[in-house]
Amino acid sequence: KRIVVLISGSGSNLQAILDQTLEGQINGKIAAVISNRPDAYGLTRAEQAGVDARLLDHKQFADRESFDAALVELIDSYQPDLVVLAGFMRILTPELVRHYHGRLFNIHPSLLPKYKGLNTHQRAIEAGDDAHGCTVHFVTEELDGGPLIVQAQVSVTPDDDAASLQQRVHQLEHQIYPLAVQWFCEDRLSLSDAGVELDGELL
Ligand code: GRF
């Protein structure tokens, strides 16, 4: 399978997926990494791995619609089976989301449906939660609201602050994101009107 990864920053999730494609655990290849920010370190990670690293700077576009139209064109030039959002800090237009229906993943640092949006670690602490974590999901038009694929959980301890929680959750992201990509690339995962199916069973 062909994968395109969209990033805005460090790209540690990109790295985790990239490593597994290179090691053969994922039956697929990252065809391109696209960033909307010139300073995203993930672009360097892609270059170091010999993967096409493309910058599409949203500041060069008049509005969200024209940026997303150019983004779709760039993504589609790589003919991907799967598009992976890995710390891509842009809200997507409904047109883009519909275009990649059933083949667009995101990872979010909370146990969705809890804590959509930003500052998830701080919000979990302030709520006094004993458990927190991360979620891989299919992207739909509702922000952080698409059907869930896989979650991983950490316990929140009394000494935790947002930074310590973030660090532990990030480690788990690097485990579950490649796993979800692996399932997709093995044709084990799909999205239908009924929901998400893994190996023919509804999740
Ligand atoms: C992760 O925390 C992810 O959950 C969120 O953005 C961050 C990306 O981190 N959507 P990285 O760039 O993969 O290190």
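Read the figures in this text as sums done on the coordinates, not as results from a lab. None of the values given here were measured: they were computed from a predicted structure. Please note: Cβ atoms are built from the backbone with ideal geometry, for glycine as well, and neighbour counts cover all protein chains shown.
Could you give the longest part of the chain that holds none of the GluC sites (Glu not before Pro) found in DSSP loops with at most 14 neighbouring Cβ atoms within 10 Å?
1-140
Let me check against my output: what whole-number percent is the relative contact order of region 90-202, with C-alpha pairs under 8 Å and at least 6 apart?
Normalised by residue count, the contact order of region 90-202 is 24 percent.
Based on the Cβ-Cβ distance from Gln48 to Ala194, what FRET efficiency comes out when R0 is 41 Å, to the nearest 0.05?
Once rounded, the FRET efficiency stands at 0.50.
I'd like the distance separating the alpha-carbon centroids of region 103-125 and region 139-189, in whole Å.
Region 103-125 and region 139-189 have Cα centres separated by 8 Å.
Relative contact order, percent, of the chain when contacts are C-alpha pairs under 8 Å separated by at least 6 residues?
About 19 percent, as a whole number.
Subtract the Cα-Cα distance of Tyr78 and Glu65 from 0.36 nm times their separation in residues, and report this length gain in nm to one decimal.
Length difference between fully extended and current span is 2.6 nm.
Report the charge-dipole magnitude of region 2-189 in Debye, nearest 20, computed about the Cα centre from +1 at each Lys and Arg Cβ and -1 at each Asp and Glu Cβ.
Using only the charged Cβ atoms, the result is roughly 180 debye.
Do the sum for the chain: with -39,500 (n - 2.57) for every DSSP H run of n ≥ 4, divided by all residues, what is the mean residue ellipticity at 222 nm, to the nearest 500 deg cm²/dmol?
Helix-only estimate at 222 nm: -10500 deg cm²/dmol.
In nm, what is the difference between 0.36 nm times the number of residues separating Ala163 and Glu186 and their Cα-Cα distance?
Separation in residues times 0.36 nm, less the Cα-Cα distance, equals 4.8 nm.
Tally Lys/Arg at +1 and Asp/Glu at -1 over every other residue whose Cβ is under 12 Å from the Cβ of Leu82; what's the total?
Counting the neighbours of Leu82, the net charge comes to +1.
If one puts a single equal scatterer on every Cα of the chain and applies the Debye formula without solvent, what log₁₀ I(q)/I(0) results at q = 0.14 Å⁻¹?
Relative scattering, expressed as log10 I(q)/I(0), comes to -0.81.
Using the 10 angstrom Cβ neighbour count as an exposure proxy, how do Tyr78, Tyr115 rank, fewest first?
Tyr78, Tyr115
On the first, second and third principal axes, largest extent first, how far apart are the outermost C-alpha atoms of region 111-203 in Å?
42, 25, 18
Under a crude label model (7 Å from the Cα following the beta-carbon direction), how far is His170 from Gln122 in nanometres?
My value for the distance between the label points is 1.7 nm.
What is the fewest-to-most order of Asp199, Asp144 by other Cβ atoms lying within 10 Å of their Cβ?
In order of increasing Cβ crowding within 10 Å: Asp199, Asp144.
By DSSP, what percent of the beta bridges with both residues in the chain are antiparallel, rounded to the nearest 5?
50 percent
Springs between alpha-carbon pairs under 10 angstrom, Gaussian network model over the chain: which of Leu118, Leu179, Leu55 fluctuates most?
In this elastic network of the chain, the residue with the biggest mean-square fluctuation among Leu118, Leu179, Leu55 is Leu118.
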